[in-house]
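**Q** Provided herewith is a single structure, encoded as structure tokens, for subsequent inquiry.
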Amino acid sequence: MIGGKKKCIGLIFGGHSNEHEVSISSAKTVFQAFNAQINKERFTVKAFYINKYGDWLDSDISEKILIGEIENYKTKKQEIFNQEKINFLDGIEFQNVDVWFPLLHGFNGEDGSIHGLLRFTKKPLVGCGIIGSALGMDKILMKTIFSNLKLPQVNYLVFQNEDLNDKQVKNKIINEILKKLKFPVFVKPSNSGSSLGISKVKNESEILLALEKAREIDPRILIEEGLEVREIECGIIGNSKLLTSEIGEVNYESDWYDYDSKYHSNNKIIIPAEIDSKITKEIKEIAIKSCRALNIFGFARVDFFLEKSSNKILLNEINTIPGFTKNSMFPMLWEASGLKIEQLVAKLVDISLDL
């Protein structure tokens, strides 16, 4: 038993983010894992739900959401939550929390915001710190660092805070894309996750609509060249020493790996991926190097492309709070590596405590 007594895990989920529902699904999985027989003697869990408006709800309501007693939290927020919402600093009883486990995907969570807030409680947390989280969330800054380190990536362009209502600006952006990239291209908001706000663009006529869609989420926009690739992913856990999981591949039926493919489709997950051992070794090395470059530790999922025509490895991005849903690759990768979900969550707590 850690420290001779049970550790109280403060599980934070929901959030003022476009990945609110994904966070709830992830938290349900983690909550069940901590309450499994193997972990009951080591941990207790105190749940903290944040609604879509950023209000923190009391622990009783939060736990009811996780165990399914409240299913209609999306539609009855005003009826059942108004009386229970509390200010974090004034009303949350967190003194008995030993370790925080934030599972806030996207804005105000994965971007380092929650890590900064939790620092004031002087409690350790599962995951990486403020800098690594912010860099991992921001695709533009992440890719800029990777470029400086000469890590292999697809060709890309960056447009920041451009006025899409200005005809000259629009023409300039479109002309630069046509000149420097080959179709298809992917248009992405710099800060988002779960493929939200992303469009696959196959010709010039589709560019403007894709830019406007991305800009609804973030005025800083990334354009990437689309290649014929395999989607390859690698899990990372650790602090001073980073460990890599088995390598996995996602085969999906849709045109590209969008939100519906990730959470609502029957994708074929292959673990370990059917790739050459030399490529596997190189992917793991790049995964560790890229995490070190962004000061990412604790746990993360590193995503790669493997070009079909050449077997060239291309680093895509790092997710610092990857999904823990029943369809999520991260827990699958570690189960294939010898850590079932119940063991994985316990291991992540141990890592946060440097045990």
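Laboratory data are not the source of any read-out in this text; all were calculated from the coordinates shown. This structure is a prediction, so every number in the text was calculated from the model and none was measured. A quick note on method: Cβ atoms are made from the backbone with ideal geometry, for glycine too, and the neighbour counts reach across all protein chains shown.
**Q** Which of the GluC sites (Glu not before Pro) found in the stretch 262-355 are in a DSSP loop and have at most 13 neighbouring Cβ atoms, other than their own, within 10 Å?
**A** Sparse-neighbourhood loop GluC sites (Glu not before Pro): 274.
**Q** Only four residue types carry charge here, +1 at the Cβ of Lys and Arg and -1 at the Cβ of Asp and Glu. Report the dipole size of the chain about the Cα centre in Debye, rounded to the nearest 20.
**A** 760 debye
**Q** Please report the antiparallel percentage of the DSSP beta bridges confined to the chain, to the nearest 5.
**A** The answer is about 75 percent antiparallel.
**Q** Can you compute the helix-only [θ] at 222 nm over the chain? Use -39500 (n - 2.57) per DSSP H run of at least 4 residues, normalise by all residues, nearest 500 deg cm²/dmol.
**A** Using -39500 (n - 2.57) per qualifying helix, the result is -10000 deg cm²/dmol.
**Q** Using the 2.2 N^0.38 Å rule of thumb for compact globular proteins, work out how the chain stacks up: its C-alpha Rg over that value, please.
**A** 1.00
**Q** Along the charge dipole of the chain, which of 31, 239, 100 sits closest to the positive end, that is, farthest toward it, with unit charges on the beta carbon of Lys, Arg, Asp and Glu (+1, +1, -1, -1)?
**A** 239
**Q** Okay, moving on. Mind checking which of 303, 60, 111 has the largest fluctuation in a GNM of the chain, springs on alpha carbons under 10 Å?
**A** 60
**Q** Then there's this: Which listed residue (51, 286, 157) has the Cα farthest towards the positive end of the charge dipole for the chain, taking +1 on Lys and Arg C-beta and -1 on Asp and Glu C-beta about the Cα centre?
**A** The listed residue farthest towards the positive side: 286.
**Q** Then there is this: Which percent of the Cα-Cα distances in the stretch 214-354 go past 19 Å?
**A** In whole percent, the long-distance tail amounts to 53.
**Q** Right, next: Tell me which residues come under 5 Å, amide H to amide H, from residue 46 once H is placed; ignore anything under 5 positions away on its chain.
**A** For residue 46, whose amide H was placed from the backbone, the distant partners under 5 Å are 9, 10, 11.
**Q** Residue-wise, which Karplus ³J(HN,Hα) couplings in Hz belong to the stretch 236-242, taking 6.51 cos²θ - 1.76 cosθ + 1.60, θ = phi - 60°, and x for glycine or proline?
**A** 10, 9, x, 10, 5, 10, 9
**Q** Hey, in the GNM for the chain with a 10 angstrom Cα cutoff, which one of 326, 172, 213 fluctuates hardest?
**A** The residue with the greatest mean-square fluctuation here is 172.
**Q** Using the Cα centre of the chain as origin and beta-carbon charges of +1 (Lys, Arg) and -1 (Asp, Glu), tell me which of 295, 330, 175 is placed farthest towards the positive end of the dipole.
**A** Checked the options; the winner is 295.
**Q** Among the aspartates and glutamates, which have Cα under 12 Å from the Cα of residue 5 when same-chain residues fewer than 8 positions away are ignored?
**A** Here the aspartates and glutamates satisfying the reach criterion relative to residue 5 are 41, 98.
**Q** Within the chain, which is the longest segment that contains none of the chymotrypsin sites (Phe, Trp or Tyr not before Pro) sitting in a DSSP loop with at most 12 other Cβ atoms within 10 Å?
**A** 121-355
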